[in-house]
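There's a structure below that I have some questions on.
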Amino acid sequence: MPKISQKGQLMPQSPIRKLVPFAEKAYQQGKTVYHLNIGQPDIKTPQVALDAVKVHSLDILAYTRSEGSEGYRNKIADYYLKNDIHVKHDDIIVTTGGSEALLFAFGSIMDVDDEVIIPEPFYANYNGFSTASGVTVVPVISKIEDNFALPAIEEFEKLITPKTKAILICNPGNPTGYLYSKEEIKKLADIVKKHDLFLIADEVYREFAYDGAKHYSILQENGLDDYAIVIDSVSKRYSMCGARIGCLVSKNKEVIATALKFAQARLSPPTLAQIASEAALSTPQSYFDDVIEEYVERRNVLIEELNKIEGVQVANPKGAFYCIAQLPVKNSDKFAQWLLESFDVDGETVMVAPAAGFYSTPGVGLNQIRIAYVLNTESLKKAVNIIKQALKVYKD
């Protein structure tokens, strides 16, 4: 039998989805499963986006330009301007989700065996994108005790080698919900300029900043035009995960020209999804005000309930809709599987994402889980109570 590639064997399994078979068995047994494992918002997609697809007047569902339609990119530039980010339409390449944007970025700036420094825990698929690109992740650990704040710049400096090509952050963070301050962004700007590195920022959760805090984009930082690459997406902003539309943004013309080659190789982003995404840009601010109010309430309920559980430590997120909780267990993978296979409260159980998959350092995060607070407050209370009751009887 022919063998699959070594790269294929090394591709990590998703910590978010690997427990799906156990959840399906729980459903077959008649159980209700509260999904805290995946960042699929239950917030309704803006009606204007759905209507745009329903009423389109296309006769042929044709290719668009590889970089995305010019009309859509102009409107994206207008959206950024409202956020005090000054870019032009030709600084933007529309992609099939933020995932493709990151793959384009990796392919454009890094060769096989080059290195990217990433504060961990980080979005699990960064490991997969790096493996697919032949790139080595060099982690710098942020700690739950510090609420997952940016590690000291000295820790980054220790890790920089001739193979280092970039620093990658997610702001606000998945899985931590941490929102980097303007001062922290400036520290990163200084180090990438000092060492001639790229700074990649995954900013797909830009709108979700809480407690009066403001998101500060790397594209707002002066002097970073040649260094900054932003990854963006409509998925979370407009609850349009299934549209699979994102973008890569950079004022570095060489980066854009190179990324465009990758975009041309996959022909074009999906036409109907661009139509929906362009329409979504006219969503009123009131939509976001309501969504943020809802997420703040959910976060507050979640953190309050988790803090009532003996032995649980939880970081307080300032953005996105995730948090990391540290449990009094040795292995959260086994605990998460046990929840689905062997435990319920009145026929209800919980699916969580074991956090070890959000690290690349072996053995770190084994007793942590990521929780996505994308359920209503009543469901969150029930889910946390199930975890509380489970921890009383669970044996490692």
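Do we find that P328 is part of a loop (DSSP other than H, G, I, E, B), over 24 Å from P172 (Cβ atoms) and touching a residue at least 12 places away in the same chain (Cβ under 8 Å) in this structure?
The answer is yes for P328.
With in contact with a strand residue (DSSP E or B) (Cβ under 7 Å, 6 or more places away or on another chain), open to solvent by less than 30 Å² (accessible area, probe 1.4 Å), of a type outside the set (D, E) and more than 30 Å from K253 (Cα to Cα) as the only criterion, which of A52, A26, A77 stands out?
One residue alone meets the criteria, A26.
If the requirement is being in contact (Cβ under 8 Å) with a residue 40 or more places away in the chain, under 14 Å from A263 (Cβ atoms) and open to solvent by less than 30 Å² (accessible area, probe 1.4 Å), which of these qualifies: V116, V94, V87?
V94
Another question about this same structure. Looking at region 281-312, which of the residues that are touching a helix residue (DSSP H, G or I) at 6+ places or on another chain (Cβ under 8 Å), within 30 Å of K82 (Cα to Cα) and part of a helix (DSSP H, G or I) is least open to solvent (accessible area, probe 1.4 Å)?
R298
Let me ask you something else. When region 30-64 is examined, which residues are found to be over 20 Å from N385 (Cβ atoms), in a loop (DSSP other than H, G, I, E, B) and of a type in the set (S, T, N, Q)?
Correct list: Q40, T45, S57, T64.
Quick one: count up the residues across region 137-151 that are touching a strand residue (DSSP E or B) at 6+ places or on another chain (Cβ under 9 Å) and over 21 Å from F321 (Cβ atoms).
7
Does A132 count as outside any helix (DSSP H, G or I), surrounded by fewer than 19 Cβ atoms within 10 Å (Cβ to Cβ) and touching a residue at least 24 places away in the same chain (Cβ under 8 Å)?
So A132 fails the test.
Keeping to region 261-280, report how many residues are open to solvent by less than 40 Å² (accessible area, probe 1.4 Å) and either out of contact with any helix residue (DSSP H, G or I) (no Cβ under 9 Å at 6 or more places or on another chain) or not in a helix (DSSP H, G or I) (or both).
Final tally of qualifying residues: 3.
Can you pull out every residue in region 65-86 that is outside any helix (DSSP H, G or I) and either modelled with pLDDT under 95 or within 19 Å of Y205 (Cα to Cα) (or both)?
If the condition is that a residue be outside any helix (DSSP H, G or I) and either modelled with pLDDT under 95 or within 19 Å of Y205 (Cα to Cα) (or both), then N83, D84, I85, H86 are the ones that fit.
Residues checked against (1) surrounded by fewer than 21 Cβ atoms within 10 Å (Cβ to Cβ); (2) in contact with a Lys or Arg (Cβ under 9 Å, 6 or more places away or on another chain); (3) without any contact (Cβ under 8 Å) to a residue 40 or more places away in the chain:
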| residue | (1), (2), (3) |
| --- | --- |
| S332 | no, no, yes |
| Q337 | yes, no, no |
| L340 | no, yes, no |
| F343 | yes, no, no |
| G357 | no, yes, no |
| P362 | yes, no, yes |
| R370 | no, no, no |
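Next question, about the same structure. Of all residues in region 375-387 being within 16 Å of A353 (Cα to Cα) and not in a loop (DSSP other than H, G, I, E, B), which is farthest from the chain's Cα centre (by Cα)?
I386
The values are calculated or read from the model by the stated rules, or taken from the named source; none is laboratory data. In this text, all values refer to a predicted model and were calculated from it rather than measured experimentally. Using ideal geometry, Cβ is built from the backbone for each residue, glycine included, and neighbour counts are taken over all protein chains shown. Quick note on the areas: whole protein, heavy atoms, side chains included, nothing else; ligands and nucleic acids left out. Shrake-Rupley method; radii C 1.70, N 1.55, O 1.52, S 1.80 Å.
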